[in-house]
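Remarks on the structure that follows.
The values are calculated or read from the model by the stated rules, or taken from the named source; none is laboratory data. The structure presented is a predicted model; accordingly, all values stated were derived computationally and were not measured. Note: ideal-geometry Cβ built from the backbone for every residue, glycine included; neighbour counts use all protein chains shown. When the accessible area is computed, the model is the full protein with side chains, heavy atoms only, and any ligands, DNA or RNA have been set aside. Shrake-Rupley method; radii C 1.70, N 1.55, O 1.52, S 1.80 Å.
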Amino acid sequence: MVTQRNPQVNLVNLSKTDYRGDPTTLCQGCGHNSISSQIIAACYELNIPPEKLVKFSGIGCSSKAPTYFLNRSFGFNGLHGRMPSLATGAMFADTTLIGIGMSGDGDTVSIGMGQFKHVMRRNLPLVYIVANNGVYGLTKGQFSATAEEGLALKGQGQNPYMPIDIVWEAVVGRATFVARSFAGDPKQVRELLKAALSHRGIAVLDIISPCVTFNNQDDSHHSYAWGRNHEIALHELAYVPPAEEIMVEYAEGESKEVDMHDGSRIVLRKLGADYDPTDRSKILTMLEEANRKQELITGLIYINTGQKSLFNLYHLPDEPLNRLSPDRIRPPRETIAKVNAMMF
Amino acid sequence: MITDSIINDFSITVGTVNGSGSQTSNLTLQRALFKMGIPVSGKNLFPSNIQGLPTWYTIRVSKDGYLARSETTEVMVAMNAATFAEDQAAVAPGGVFFYADDIEQAITRSDIVAYPMPVEKLARESDAPPNLRGYIANMVYVGVLAHILDIHIDRIRQALDFHFNGKEKPIALNYGVVQNAMAWAAENLVKTDPFRVQAMDATDGYIMASGNTAGALGAIYGGVQFVSWYPITPATSLAESLNQYLPMLRKDPATGKNTYAVIQAEDELAAIGMAVGAGWGGLRSLTSTSGPGLSLMTEYAGMAYYAEVPLVIWDIQRMGPSTGLPTRTSQGDVNLVYYLSQGDTMHVVLLPGSANECFEFGWRAFDYAERLQTPVFVLSDLDLGMNVWMTPPFEYPNTEIDRGKVLWEEDLGKIENWGRYLDPDGDGIPYRTLPGNRHPRGAYFARGTGHDEYANYSEDPDVWERGMERLRAKFETARGMMPKPEIVTKDEADIGVIAFGSTDPAVREAQDHLADDGLPIDYMRLRALPVCDEVRDFVRSHRRVYVVEMNRDGQLHQILSLETPDRAANLKSLSKNNGLPLTADWIEGAILAEERK
Ligand SMILES: Cc1ncc(C[n+]2csc(CCOP(=O)(O)OP(=O)(O)O)c2C)c(N)n1
Ligand code: SF4
Ligand SMILES: [Mg+2]
């Protein structure tokens, strides 16, 4: 007998509404809203029960976004630049949970640069999204550290400094999953999110997410127009869930597959030149080249599924630490005499 | 010629060069005296330096059990040429001056007894390889002092066995030098000073531990599950003790796996961020630091207060402001921790007064933090934390672990209307849920921004005030829950002293001396903030109350003045802040000066 599945629900019997958040209070057209929508879509399509996921953020318009998706998930909106530490501690409580961290360019590579670098080094399993708009949205339009040299903004003059490239920092910082995307390319954002959610380690997604209010002039490198005109996708990316067949056959050399720990696969169909996201050695040259040609390179830039995650280093029980009964966290009574004896 | 012996009642100070390895010798002396049953304390008065600067170690032996630092040094050991003259000048009249005979400087005092020690010679003659000779040289003074002061050689052996963890080679090497030095002294020195020790049984049932070791062990018995920290003197040894003892004591009985995780963070911003995350996640979470680190932790401490996240923060105080005197003790962070962070933030603070109490508060702090859903600060200091104290043995926790008001799936199933910040019990303490809770109504969004009773973002003025009033009510609940002060009374006292923390031995000693001199005082040792009714009663029931503390501005005095404004004029601040542990002499002098005004 074939049971008819309600087409309005996913495999865990939830509808898309179950993944929604509060109505957004961000500006209409803000790139961050479109990222939120793709998070909802990706989690729905991946059949992740919202209770299995935890959201984190710092401070900024981007960091407000977690209120606007996955209301049934736990979340913690932390301090400016310090989402990574918050997430690190919290994820130890139950390492079976999936973490999403939402941050901004100011939050990540200005005030939060230190924590950003260290969370990558520790390979915390966390989907770390930087909604990158080249400005501080929430404090009304100052230059952020990703603003391009020479960018002119209302009331701010011209940006005299060189920009920080988040992808570059992530690659150099040894993140095990590094991608760039563009909020104006929702399909790619979604597929990358799915891949990132299946990654066991830190997954940094630098998503160009235009601030329509303060930095969306056509010639600004973080605007919709710029993105549309300059985006070069490295590949067409398709996420294939565990136990599903790859439907499309690609000719030899036309695609590359990456196997994820949970049995899913990422299929990368070649679009232009050959690109191997498992080879760290050529990335910086590629980024330099793209920079020179003023291209916005998007796609899966680097992946390493072989690195141990933070939690693999701690020899923890399978049962979540936050569910251990008191007798499992207090040493037995007879040990106290031994301890006193050790004191002399 | 020996006049009347002075037995078990004097101070020894050893002056050495920092980094020369004298700590082993000093601890050996201290431990040997302890094993002879004589009450003893040791304090390392060391510079912020790895090698080269002068450093002193003071050991006080006291048949009466007074363990505070003493203003006087009766027995000086001069191993450092750079401080030879200064050390000689510091010996109390009639005292003793042991000195390394390779220091070619004059003995200028005739009112003290001077003994040379062939330090270099005996070190050279030992079996020690050349690279260890400098260290081993310090054992020479152990041997010479042992002979002159009558310290039992077996006890020294016991101390060395302990120090080197039973490792034959270093024990034999060090012990050999001690024995040779003793033999040399027996042959070459004639005792002409009155100081000696005699075995007692006054240390039976005591152990020796530093406050930081004790605090770490206490935390382990408190079920600590998450530790994030960043190295800083004098807090480092607390985290390092956790690293040392956790693997021994905290394997999961069910699986043999670790029931804890320790992360050395990249800085204190991250250390507290992680600890707040873990506390929110439902782990018994701890971070330890000192002043500069605490400054960096300020913002997250306030968030934890407002978002109501339990965690334990140990502040092992050192001298501020700024980098200050990193290796000198102080009680200068009272106001800082009490109010740490912007707005109307108020914190619960535990004030351990002994190593044993560091252990007790080590575990209790988690119960308070989780019961109250707030950061709990444990305010120790360098003297208490880093020095080794004679202290009663640690007692196994006498109450069950209290995880506070946590709702899991089945609990939520029975509750219609749960809101993270509702106060259904009227004690200001809400119910919380933890990530991983699968109940569809279990999740909430924590934030440091304004929120209503259901954890929704809100800027509503009434909601804000309501939330802050509830936090105040919760603080009042805390007032009644925290450990009560300890009171030591004297007959017919009508004045009192209030103090806390590491000054306890000095205050007790001063209290005894003053009573002997006809000025009985009652003594209240605070063990927590906010203060409870008993403290107000104490202030109100005494004609005058002195608040003794180690900072410049009388910080506890300020807090107590706010708590008892009607008696503020009768509260006198006695504060001293020179980086050295307080002495009974100073307290007595300060009180007498006031009383005789
Ligand atoms: C410690 C601290 N300093 C400054 C601020 C003020 N502040 C709020 S958001 C923000 C910048 C946010 O920029 P970004 O992360 O790029 O987020 P966006 O609003 O652009 O999405 C700043 C400086 C703060 N909240 N905390
Ligand atoms: S100010 Fe910019 S970043 Fe902030 S919500 Fe508006 S568009 Fe988005
Ligand atoms: Mg920004």
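Which numbered condition trips up A:E252, out of (1) acidic (D, E); (2) open to solvent by 60 Å² or more (accessible area, probe 1.4 Å); (3) under 30 Å from A:L97 (Cβ atoms); (4) not in a strand (DSSP E or B)? Checking A:E252 against (1) acidic (D, E); (2) open to solvent by 60 Å² or more (accessible area, probe 1.4 Å); (3) under 30 Å from A:L97 (Cβ atoms); (4) not in a strand (DSSP E or B), the one that fails is (3).
Applying the criterion of being away from ligand 3 (no atom under 13 Å from the Cβ) and under 28 Å from the mean Cα position of the chain (by Cα) to the residues of segment A:130-150, the residue that is nearest to A:K117 (Cα to Cα) is A:E148. Where strands (runs of 3 or more DSSP E) sit wholly within segment B:479-597, those with at least 2 residues that are under 24 Å from B:Y339 (Cα atoms) occupy B:495-500, B:521-526, B:544-549, B:571-575. Selection of segment B:104-141 for residues being among the β-branched types (V, I, T) and either surrounded by 16 or more Cβ atoms within 10 Å (Cβ to Cβ) or not assigned by TED's automatic domain parsing to the domain that holds B:G15 (or both) yields B:I112, B:V113, B:V119, B:I136, B:V140. Looking only at residues of segment B:251-262 that are open to solvent by less than 40 Å² (accessible area, probe 1.4 Å) and more than 7 Å from chain A (Cβ to nearest Cβ), we find that the one that is farthest from B:V309 (Cα to Cα) is B:G256. For segment A:167-175, the criterion of being within 16 Å of ligand 1 (Cβ to nearest atom) and open to solvent by 10 Å² or more (accessible area, probe 1.4 Å) is met by at least one residue. Taking the criterion of being open to solvent by 20 Å² or more (accessible area, probe 1.4 Å) and more than 7 Å from every other protein chain (Cβ to nearest Cβ), the residues of segment B:429-447 that qualify are B:Y431, B:H439, B:R441. The set of residues from segment A:114-144 being small (G, A, S), surrounded by fewer than 24 Cβ atoms within 10 Å (Cβ to Cβ) and within 13 Å of ligand 1 (Cβ to nearest atom) comprises just one member, A:G141.
In segment A:26-50, what count of residues is obtained for those that are open to solvent by 10 Å² or more (accessible area, probe 1.4 Å), away from ligand 3 (no atom under 16 Å from the Cβ) and not small (G, A, S)? Residues meeting the conditions: 9. Taking the numbered list (1) away from ligand 1 (no atom under 16 Å from the Cβ); (2) among the aliphatic types (A, V, I, L, M); (3) open to solvent by less than 20 Å² (accessible area, probe 1.4 Å); (4) more than 18 Å from the chain's Cα centre (by Cα) in turn, A:V178 passes all entries but (4). Pick from B:G273, B:G281: which is touching a Pro at 6+ places or on another chain (Cβ under 7 Å), at the interface with another protein chain (Cβ under 7 Å from one of its Cβ atoms) and buried (at least 22 other Cβ atoms within 10 Å of the Cβ)? Criteria check complete, one pass: B:G281.
Kindly provide the set of residues from segment A:200-212 that are more than 11 Å from ligand 3 (Cβ to nearest atom) and in a loop (DSSP other than H, G, I, E, B), ordered by number. Result: A:R200, A:G201, A:V212. Among the residues of segment B:289-329, those identified as on the phi < 0 side of the Ramachandran plot and small (G, A, S) are B:S290, B:G291, B:G293, B:S295, B:A301, B:G302, B:A304, B:A307, B:G320. Screening the candidates A:I98, A:I111, A:I164 for the property of being within 14 Å of chain B (Cβ to nearest Cβ), open to solvent by 10 Å² or more (accessible area, probe 1.4 Å) and over 29 Å from A:R323 (Cα atoms) yields one hit, A:I111. Starting from residues that are of a type in the set (S, T, N, Q) and surrounded by fewer than 18 Cβ atoms within 10 Å (Cβ to Cβ), keep the ones in segment B:239-250 and report whichever is nearest to the other protein chains (Cβ to nearest Cβ). Among those residues, the one meeting the criterion is B:Q244. Which one is least open to solvent (accessible area, probe 1.4 Å) among residues in segment A:57-82 that are part of a helix (DSSP H, G or I) and within 8 Å of chain B (Cβ to nearest Cβ)? Per the stated criteria, the residue is A:P66.
All conditions in (1) assigned to a loop (DSSP other than H, G, I, E, B); (2) among the β-branched types (V, I, T); (3) within 12 Å of another protein chain (Cβ to nearest Cβ) hold for A:V54, with the sole exception of (1). State whether the residues of segment A:121-136 include one that is among the polar types (S, T, N, Q), assigned to a helix (DSSP H, G or I), away from ligand 2 (no atom under 15 Å from the Cβ) and closer than 30 Å to B:T433 by Cβ. Scanning segment A:121-136, I find no residue that is among the polar types (S, T, N, Q), assigned to a helix (DSSP H, G or I), away from ligand 2 (no atom under 15 Å from the Cβ) and closer than 30 Å to B:T433 by Cβ, so the answer is no.
Residue by residue, here is whether (1) away from ligand 2 (no atom under 16 Å from the Cβ); (2) touching a helix residue (DSSP H, G or I) at 6+ places or on another chain (Cβ under 7 Å) holds:
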site	(1), (2)
A:P160	yes, no
A:V167	yes, yes
A:V171	yes, yes
A:R174	yes, yes
A:G184	no, yes
A:Q188	yes, no
A:S198	yes, no
A:S209	no, yes
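When B:L571, B:L562, B:L556 are screened for being in contact (Cβ under 8 Å) with a residue 40 or more places away in the chain and either buried (at least 23 other Cβ atoms within 10 Å of the Cβ) or over 26 Å from B:Y66 (Cα atoms) (or both), only B:L556 passes. Starting from residues that are aromatic (F, W, Y) and either touching a Pro at 6+ places or on another chain (Cβ under 9 Å) or within 11 Å of another protein chain (Cβ to nearest Cβ) (or both), keep the ones in segment B:196-229 and report whichever is nearest to B:R364 (Cα to Cα). For segment B:196-229, the residue satisfying everything is B:Y221.
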